[in-house]
Amino acid sequence: MRIGFIGLGSMGQGIAANIMKAGHGVIAWNRSPGPVDALAALGATPAAKPEDALQADAVFSMLANDAAVHEVGLDSVLLERAPKGLVHVNMATVSIAFAREMATAHARHGIGYVAAPAEVISAMTALQSQSTSNPTSIAQAAGVAALTGPQECVGAMAREFLARRDLVLARLGAIPGLHTAVPGGAFYVFPDVSAAFGKRGPDGVVASANDLGTYLLRHANVAIVPGEGFGAPRHIRLSYAAPRQILEEGITRIGDALAQLR
């Protein structure tokens with residue numbers, strides 16, 4: 001069996017390595033070549049483009065949401081046209097009930113379960129068994145409360161997060177050079193900030209998302225997550241899990257800081 005990997009974080013690399021140890025093939029694609037090169041050294045087949053990984057028997061995707069799908073050029077139509085019988089496993093939603101519907105909605109208590117091909121489950125088990133042992137009693141109680149408790153608060157927060165998302169998208173869209181796809185879930189946006197690359201600030205040239213993150217932290221007092229860790233070095237990740245006034249202030253600072261780059 002061959003399993004395609006589209007997007008590779010540290011967990012994805014570990015699962016892919018375990019799959020190969022079990023005697024199965026791996027075909028891997030990632031925007032930045034480092035993770036693919038590391039797996040190729042273990043026997044994986046590099047994919048020239050993400051569509052190539054869809055030719056595998058199953059696909060393990062690290063795509064977080066619609067914005068990330070857009071970033072790598074994969075859309076729902078492409079996935080629907082994948083070979084008949086293909087099982088698409090999305091890492092962001094693989095913990096189907098708890099992690100997506102409950103862990104995120106109910107303060108991320110860290111309990112989840114997985115539905116995936118047997119080979120993927122085996123590799124995930126091998127990795128997980130060396131990482132954690134079992135959910136704490138507190139997390140188990142939180143899971144029960146999330147399943148059986150009132151759900152009105154979830155709907156209220158969902159509406160609030162939608163309003164925050166739209167606010168953040170509007171404010172980012174007003175900053176020259178930034179391009180942001182509309183996220184389909186969670187509470188992050190992933191703007192393309194590559195227009196700032198090559199410009200100079202007080203600490204020198206901003207050559208990467210990591211450089212931009214350092215610049216914003218030092219000179220705007222705003223913390224972001226550089227996209228390199230997600231295989232998207234042209235992007236940064238911003239969370240909108242904060243009050244609206246904080247979001248507005250933070251984006252104002254980002255806009256002002258970017259305007260000062262020359």
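None of the figures in this text is laboratory data; all of them are computed from the coordinates on show. What you see is a predicted model, and the numbers here were worked out from it, not measured in a lab. Don't worry about glycine lacking a Cβ; one is built from the backbone with ideal geometry, like all the others, and counts go over all protein chains shown.
Some notes on this structure:
- Environment charge of Leu167, counting only residues whose C-beta is closer than 9 Å and scoring Lys/Arg +1, Asp/Glu -1: +2
- Packing-based order for 168-178, 187-197, using average beta carbon neighbours within 10 Å, highest first: 187-197, 168-178
- Under-5 Å amide H pairs with Tyr188, H placed in peptide plane, nonlocal only: Tyr240
- Each Lys or Arg adds one and each Asp or Glu subtracts one; over the other residues with Cβ under 13 Å from the Cβ of Val206, this totals +3.
- Highest mean first, the peptides 201-212, 14-25 sorted by other C-beta atoms within 10 Å per residue fall in the order 14-25, 201-212.
- Judged by the mean number of other Cβ atoms found within 10 Å, the most tightly packed of the peptides 240-246, 147-153 leads the ranking 240-246, 147-153.
- Charge dipole of segment 152-259 about the Cα centre (unit charges at C-beta), most positive-ward option of Ala223, Thr252, Val205: Val205
- Amide H to amide H, with H built 1.01 Å from N, Phe5 comes under 5 Å of Ile27, Ala28, Trp29, Phe60, counting only residues 5 or more places away or on other chains.
- Counted charge near Pro226, where neighbours are those whose Cβ lies closer than 12 Å (Asp, Glu -1; Lys, Arg +1): 0
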